[in-house]
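**Q** Supplied in structure tokens, the structure appears directly below.
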Amino acid sequence: MAAPRGEFTSRFGFLMAASGSAVGLGNIWGFPTNTASNGGAAFLIAYLVLTFALAYPALMAELIIGRHARSNAVAALKAIAPGRPSRLLAVFIGLMGILTVSFILSFYAIVSGWMIAFFFDPIARLLGMEGLAQWLVQDTAMRNSIFVIVFMLLTIFIISAGVKDGIEKWSSRLMPSLILILLLLILYVFTLPGAMDGLRAYLIPDFSRITDPQLLVDAMGQAFFSLSLGVGTMLVYGSYISKDENLPVVGSLVALLDVGIAVLAGLLILPAMYVALANGVEIFDASGGLIAGPGLIVSVLPALFNNMGAVGILVAAAFFVLMTIASLTSSISMLEVPVAYSVENHGAGRRTAALAIGSIITLISLLIVFNFDPLFDLVVNFTTERSQPLLSLFICIFVAWIWRRNDILEEIKQGCPQAEAGLFWKIWPFYVKFICPVAILVVYFQ
């Protein structure tokens with residue numbers, strides 16, 4: 001018999017877990033350079049508008065389904081499907097979400113392992129262990145394999161402990177730590193030469209680009225994918241929310257936290273890149289754009305830290321702790337999706353499921369490590385560019401076109417009795433029925 005379901009014991013715990021899921025490596029290295037490459041604050045304004053106009057309604061769709069069904073993605077979608085064809089579609093979408101999020105975690109664990117290795121690098125240098133420090137920053141299959149295993153063991157440990165003692169407990173510790181470290185690093189970087197140039201690149205808008213279709217598509221994509229939509233993470237987290245919670249409010253708080261931390265990341269990364277430029281580090285790629293993605297984290301910023309002297313060791317350690325925390329809060333939400341399915345649909349014990357599924361994902365990660373060039377980009381593109389947006393589209397369709405409107409309203413009213421008269425209910429059904437699917441398709445085909 002399956003173990004009883006857990007539940008978040010406080011709104012703070014849920015907010016930390018949900019925002020931790022949303023705030024990952026992509027927010028910290030992707031959002032700032034996306035902003036600087038798309039008209040500075042013009043992109044920032046478009047991102048803020050689109051997050052609350054389009055991504056927030058899709059987020060609410062997942063939270064409402066999850067809390068209504070109180071189960072994993074497959075069972076939850078089946079619960080709101082009225083007939084056999086829609087139930088078969090529900091199973092397919094739920095299983096595809098589980099498969100997609102598992103493959104996302106398989107490549108995410110590799111990059112997260114790099115973050116742990118780079119965290120140990122300054123410590124090794126501080127202890128005079130130069131040989132170890134050099135090994136830690138070399139991109140070798142052995143190093144990557146070891147740290148993939150370390151990272152996955154941390155993720156499995158947290159998920160094995162359950163919702164209250166695992167996800168909520170550690171998210172409530174890790175997310176405040178992440179925000180504190182982020183703020184301290186911002187304050188320090190602002191004192192360095194070149195930082196204000198980066199701040200100008202980030203915050204001064206080029207309003208001539210605000211109507212650029214590519215800017216709008218990029219901002220829409222950043223808004224949707226930074227909130228972990230489409231693969232069931234927010235749906236499963238929603239299933240652990242108390243029936244007393246006001247879902248429109250907690251959903252908006254998750255979106256605000258995600259946006260706030262993304263904006264803070266921009267206040268760190270862009271000034272730090274221009275500080276690196278002032279120190280002779282190249283920050284532009286061959287096409288003239290700012291270096292983004294893993295290259296930013298494993299080449300540009302470490303070069304900056306090395307130029308800082310002794311203080312650079314402490315700054316590097318703090319930065320890579322920040323990156324490791326961002327990785328871990330996202331990975332636990334990913335692993336929870338297949339674990340919840342195994343526990344609830346197949347009666348597996350939580351620890352057994354976490355260890356078994358975590359081990360399978362680790363093996364997939366190791367396969368990618370040893371076949372990096374042909375597999376890494378293939379897995380990234382299939383999951384994040386192909387599968388994830390289509391899954392988000394189908395979840396919106398399920399809520400808006402298949403699930404009965406009165407049942408949705410009754411679910412929302414459990415934590416918000418006046419919902420029917422509120423602004424959310426006047427706008428949200430239309431948005432999730434028409435606007436969100438069109439927006440997702442625009443991003444997908446672009």
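**Q** Scan region 348-357 and give yes if some residue there is touching a Leu at 6+ places or on another chain (Cβ under 9 Å) and at negative phi, otherwise no.
**A** Kept after step one, since they are touching a Leu at 6+ places or on another chain (Cβ under 9 Å), are these residues of region 348-357: 354, 357.
Next, from what is left, pick out any that are at negative phi: 354, 357.
Checked against the condition, which is being touching a Leu at 6+ places or on another chain (Cβ under 9 Å) and at negative phi, region 348-357 yields at least one hit.
**Q** Another one. If you check Leu192 against the conditions, is it in a helix (DSSP H, G or I) and not charged (D, E, K, R)? First the steps, then the outcome.
**A** Numbers: in a helix (DSSP H, G or I): no; not charged (D, E, K, R): yes.
No, not satisfied.
**Q** What do you reckon, is Gly26 out of contact with any helix residue (DSSP H, G or I) (no Cβ under 6 Å at 6 or more places or on another chain) and in contact (Cβ under 8 Å) with a residue 12 or more places away in the chain? Give the steps one after another, and end with the answer.
**A** Details: out of contact with any helix residue (DSSP H, G or I) (no Cβ under 6 Å at 6 or more places or on another chain): yes; in contact (Cβ under 8 Å) with a residue 12 or more places away in the chain: yes.
Yes: the conditions hold for Gly26.
**Q** If you don't mind, another one. Within 24 Å of Leu314 (Cα to Cα), part of a helix (DSSP H, G or I), among the hydroxyl-bearing types (Ser, Thr, Tyr) and touching a residue at least 12 places away in the same chain (Cβ under 8 Å), is that true of Ser172?
**A** Working: within 24 Å of Leu314 (Cα to Cα): no; part of a helix (DSSP H, G or I): yes; among the hydroxyl-bearing types (Ser, Thr, Tyr): yes; touching a residue at least 12 places away in the same chain (Cβ under 8 Å): yes.
When the stated conditions are applied, Ser172 does not pass them.
**Q** Going through Val275, Val311 one at a time, which residue ends up being exposed (fewer than 15 other Cβ atoms within 10 Å of the Cβ) and within 24 Å of Ala117 (Cα to Cα)?
**A** None of the others qualify; the one that does is Val311.
**Q** Among the residues in region 59-73, are any at pLDDT below 90, part of a loop (DSSP other than H, G, I, E, B), under 21 Å from the mean Cα position of the chain (by Cα) and crowded, with 24+ Cβ neighbours inside 10 Å?
**A** Among the residues of region 59-73, not one is at pLDDT below 90, part of a loop (DSSP other than H, G, I, E, B), under 21 Å from the mean Cα position of the chain (by Cα) and crowded, with 24+ Cβ neighbours inside 10 Å, which makes the answer no.
**Q** OK, next. Tell me the residue from Asp206, Asp218 that is within 21 Å of the chain's Cα centre (by Cα), surrounded by fewer than 24 Cβ atoms within 10 Å (Cβ to Cβ), among the charged types (D, E, K, R) and more than 18 Å from Thr329 (Cα to Cα), please. Lay out the reasoning, then the answer.
**A** On the way: Asp206 fails: within 21 Å of the chain's Cα centre (by Cα).
On inspection, the qualifying residue turns out to be Asp218.
**Q** Which members of region 280-301 meet the condition of being on the phi > 0 side of the Ramachandran plot and under 20 Å from the mean Cα position of the chain (by Cα)? Before the answer, list the steps.
**A** Residues of region 280-301 that are on the phi > 0 side of the Ramachandran plot, as a first pass: 280, 288, 293.
Residue satisfying the conditions is Gly293 alone.
**Q** Out of curiosity, is Val111 within 19 Å of Leu235 (Cβ to Cβ), among the hydrophobic types (A, V, I, L, M, F, W, C), buried (at least 16 other Cβ atoms within 10 Å of the Cβ) and in contact (Cβ under 8 Å) with a residue 12 or more places away in the chain? Even if it seems obvious, please write down each step before you answer.
**A** Details: within 19 Å of Leu235 (Cβ to Cβ): no; among the hydrophobic types (A, V, I, L, M, F, W, C): yes; buried (at least 16 other Cβ atoms within 10 Å of the Cβ): yes; in contact (Cβ under 8 Å) with a residue 12 or more places away in the chain: yes.
No: the conditions fail for Val111.
**Q** Ok, one more. Say whether the condition of being touching a Phe, Trp or Tyr at 6+ places or on another chain (Cβ under 6 Å), touching a residue at least 40 places away in the same chain (Cβ under 8 Å) and part of a helix (DSSP H, G or I) is met by at least one residue in region 416-424.
**A** Going residue by residue through region 416-424, those that are touching a Phe, Trp or Tyr at 6+ places or on another chain (Cβ under 6 Å) are 419.
Narrowing further to those that are touching a residue at least 40 places away in the same chain (Cβ under 8 Å): 419.
Right, trim to part of a helix (DSSP H, G or I) and you get 419.
Yes - at least one qualifying residue is present in region 416-424.
**Q** Restricting attention to region 252-279, which residues are of a type in the set (Gly, Ala, Ser), closer than 30 Å to Glu62 by Cα and more than 15 Å from the chain's Cα centre (by Cα)? Before you say what the answer is, go through the steps one by one.
**A** Within region 252-279, the first condition is being of a type in the set (Gly, Ala, Ser), and the residues that meet it are 252, 255, 260, 262, 265-266, 272, 276, 278.
With the extra rule that they be closer than 30 Å to Glu62 by Cα, the set shrinks to 252, 255, 260, 262, 265-266.
The answer is Ser252, Gly266.
**Q** Could you list, ordered by first residue, the pairs with Cβ atoms under 6 Å in which the first is in region 199-228 and on the phi > 0 side of the Ramachandran plot and the second is crowded, with 18+ Cβ neighbours inside 10 Å and of a type in the set (Gly, Ala, Ser), at least 6 apart or interchain?
**A** Ser228/Ser21; Ser228/Ala22
**Q** Quick one: would you say Leu335 is out of contact with any strand residue (DSSP E or B) (no Cβ under 7 Å at 6 or more places or on another chain), in a helix (DSSP H, G or I) and crowded, with 23+ Cβ neighbours inside 10 Å? First the steps, then the outcome.
**A** Values: out of contact with any strand residue (DSSP E or B) (no Cβ under 7 Å at 6 or more places or on another chain): yes; in a helix (DSSP H, G or I): yes; crowded, with 23+ Cβ neighbours inside 10 Å: yes.
The answer is yes for Leu335.
The values are calculated or read from the model by the stated rules, or taken from the named source; none is laboratory data. What you are looking at is a predicted structure, and each value in this text was computed from that prediction instead of being measured. So basically every Cβ, Gly included, is an ideal-geometry build from the backbone, and we count neighbours across all protein chains shown.
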